[in-house]
Each structure stands twice: as C-alpha cells, then as structure tokens.
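See below for the structure under consideration.
The values are calculated or read from the model by the stated rules, or taken from the named source; none is laboratory data. The structure displayed is predicted, hence computed values, not measured ones. Please note: Cβ atoms are built from the backbone with ideal geometry, for glycine as well, and neighbour counts cover all protein chains shown. Only protein heavy atoms, including side chains, enter the accessible area calculation; ligands, DNA and RNA are left aside. Shrake-Rupley method; radii C 1.70, N 1.55, O 1.52, S 1.80 Å.
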Amino acid sequence: MQKLRLLLLPFSLLYWFAVKIRNLLFDINVLRSFEFDLPTICVGNLTVGGTGKTPHTDYLISLLKNNYKTALLSRGYGRKTKGFRIVEQSSLAVEVGDEPLQLKLKHPDVACAVHEDRLNGVVEIMGSFPETEVVVLDDAFQHRWIKAGLNILMVDYNRPVYADFFLPAGNLRDSISEIKRANIVIVSKCPDNLTTHQQKLIAKRLKIKQNQDIYFTSVSYGKPKAVFSNYEDCEFNPNETVFALSGIANPNSFNHQLEKNYKLVGKKTFADHHNFTVKEILSIFEVTSNDVKLVTTEKDAARIRGLNLPSDVKSRIYYLPLEVYFISNNENRFNSQILNYVGENKPNSNLYQE
C-alpha cells in the first residue's frame, strides 16, 4: 500500500494544486459565492466517504424540524437521474440517491430534494417549498458557489485529516487549511472514553481557532428493524443468527456491533453506495439456513427497499438503526448554537451576491 501511495503522489500533487487554485479564486472573489437570505447549514467533510455526515444530518433535521420549516438539499450521490428532483417516500434510491431517501423515509414531513448544482437546487427548493425557513445542505463544503451561513465540518476520529494525503494517494479531496472556513468542527466516531486532554490535543492538531467550536461525537445502535414497512419488527435475542450485509465506506463498526450482540454466521461487504441486485440478495439466502436473518445498515436499507424480492425473503431482512450522541454531554451547547443561528437569521427569500 505504501508503494502504491508513492506511485500516486505525483497525481495527488496535481490534485492539490488544482484545489488550491480554485479555493484561492473564491477567496479573492474572482469566483464569487452567493448567499441566501435564509439560514443555510452545510454539513460536509474534507475526505471521501465515511465521516458520518448522514447520521449528523439526521440529528440536525430532528433538532430543527419541530421549530422551523426545514428542507434538505443533497447531490443525491449514486442516482441515475440528473437535475432537480423532489424526494418522495415512494422514490427509489437509483432516482434520488440512498442517503436523501433514507432521510426522507425517516422524516416524511421534511422537504427533501436533490440537485448536483446546489445553488440552483436551493432556488428550486424555495420555489417548490416557499414556506421553507432553513435549508440543510448535505455534502456541500466544497461547493463554494453557495456561502452557507453555518458550515459544519465532519472529521473522522479514526482517519485524522492531518495524517492523510490528497486523492488518489489518500482520501483528502480538499486542503486541511480549509478547516478555517468551518464554524463548527465535529470529530465523529470517537471512543466513549475519550478524555478532555485527548480532545484538546485533537483540537490543537486541527488548528481550531477561537472563533470556531469543536465537538466530539459517537454513535449508538438501536434494535434491528424490518426493512420493508409491511413486515413487523421482531425481538432479536442474543442467540439470534444473523448475516451482515453492507455497502458503506467503513463497515467495521456495524459488523462489530452484530458480532458483539448476536451470532454472526457470515458477512458480505460491497463498495459504498453499491446498488444491490435481486440476485445478490437471493444468493445470500441460498447459502444460509432458514432461521438466519439478514441485517444491513440503515443507508443500505434505502436501496434494498426498491428491490422486487419474494415475500419470504423480505420478512427476513432487517436494518440496524443508529443515532449520534455527544461526548462530554455537549449536546445542549450544540443544540443551542444551531437553534440560535437559525432564530437570528430570519428568511426573506432573496438572493444577493457576496
């Protein structure tokens, strides 16, 4: 792996140079950002995949939707469509992307749309949902045509950006110096026993400034739930035999959770955002006994729901829900910061150039 990285370093340098030039053009206003006159919250990262954007976006939506008319805009990664598209509960992952569909299914009362052009996407949302009071932008930190009112940058505790390389030698798709543009930095997937001293060391390595806030989070898993809504959940016991199926960037935590709580008889891992086929799902049941249940991730469940599977197979497919929690009980401080930002920025639905 180390030799391969060395071979790819020249390409990483070219990528770094292109990213630096682009960011510089925005910084000196040769390329100009636009700001909307309503609260916009961007959740993004500096790396490709696996930092926990989706569960944190889910947390944000849950926090906001009871107080404000909330809309979510995503690129809809992995979809086979183009342009602006409203996400419905009946949508398919291939039409709108798995993560937006996952969030729409969890928050049916929240407006959700996808557009690869975030700027036009927000305009379309404001036209389609004029009552919108706050827009959450999923994975838009590098989309600098919009200047978000609040930037939340995700960093994976297990893959520190200060020890990474630019693509393709590493996972960085933006310079770590761009951390300075974040209002909030969230270090995700932290161990429960992360000490205050360790938190301070990480903040120092990330060069967090006085005008920035840093939080540390982890995730907890719930009880397995039926993937298909017309089948009832069942209570899993410690002797339950399960097969793990995942198509996410880093399935280690998911697999470990199943190994810890149930009898894991097998696992199959695909690339992130993999579009499962009926044949792939059926092939798993062909080699497992009738008492084995297939357990997948919440994001993968959004893609599997669109498959035309036999009823007896559907009844044996479950997903493992997860939710974010804050280390050191800082959720109240975070919640107040988000709600105060939205409350202090009243929407007027006008667009102006920065």
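General remarks:
- Taking the numbered list (1) in a loop (DSSP other than H, G, I, E, B); (2) at pLDDT 95 or above in turn, ARG159 passes all entries but (2).
- Residue ranges of strands (runs of 3 or more DSSP E) in segment 22-134 with at least 1 members small (Gly, Ala, Ser) and touching a residue at least 12 places away in the same chain (Cβ under 8 Å): 40-45, 70-74, 111-114
- The lone criterion from (1) touching a Leu at 6+ places or on another chain (Cβ under 7 Å); (2) farther than 28 Å from ALA113 by Cα; (3) among the polar types (S, T, N, Q) left unmet by GLN198 is number (1).
- Extreme residue, most open to solvent (accessible area, probe 1.4 Å), among residues of segment 61-95 that are touching a Cys at 6+ places or on another chain (Cβ under 8 Å) and farther than 21 Å from VAL324 by Cα: ILE86
- Of all the numbered requirements in (1) within 13 Å of PRO224 (Cβ to Cβ); (2) charged (D, E, K, R); (3) surrounded by fewer than 17 Cβ atoms within 10 Å (Cβ to Cβ), GLU331 misses one, and that requirement is (1).
- Residues of segment 96-117 that are among the aliphatic types (A, V, I, L, M) and open to solvent by less than 40 Å² (accessible area, probe 1.4 Å): VAL96, LEU101, LEU103, VAL110, ALA111, ALA113, VAL114.
- Qualifying positions in segment 8-21 - in contact (Cβ under 8 Å) with a residue 40 or more places away in the chain and hydrophobic (A, V, I, L, M, F, W, C): LEU8, LEU9, PHE11, LEU13, TRP16, VAL19
- Of the residues making up segment 7-20, at least one is among the charged types (D, E, K, R) and at pLDDT 95 or above.
- Residues being under 12 Å from LEU137 (Cβ atoms), over 11 Å from the mean Cα position of the chain (by Cα) and not aliphatic (A, V, I, L, M) - total across segment 38-64: 3
- Looking across segment 118-170 at every residue that is more than 16 Å from the chain's Cα centre (by Cα), more than 22 Å from LEU339 (Cβ to Cβ) and acidic (Asp, Glu), the one that is least open to solvent (accessible area, probe 1.4 Å) is identified as ASP164.
- Total residues in segment 193-229, condition open to solvent by 100 Å² or more (accessible area, probe 1.4 Å) and over 22 Å from the mean Cα position of the chain (by Cα): 10
- Some residue of segment 49-66 being basic (Lys, Arg) and in contact with a His (Cβ under 9 Å, 6 or more places away or on another chain): yes
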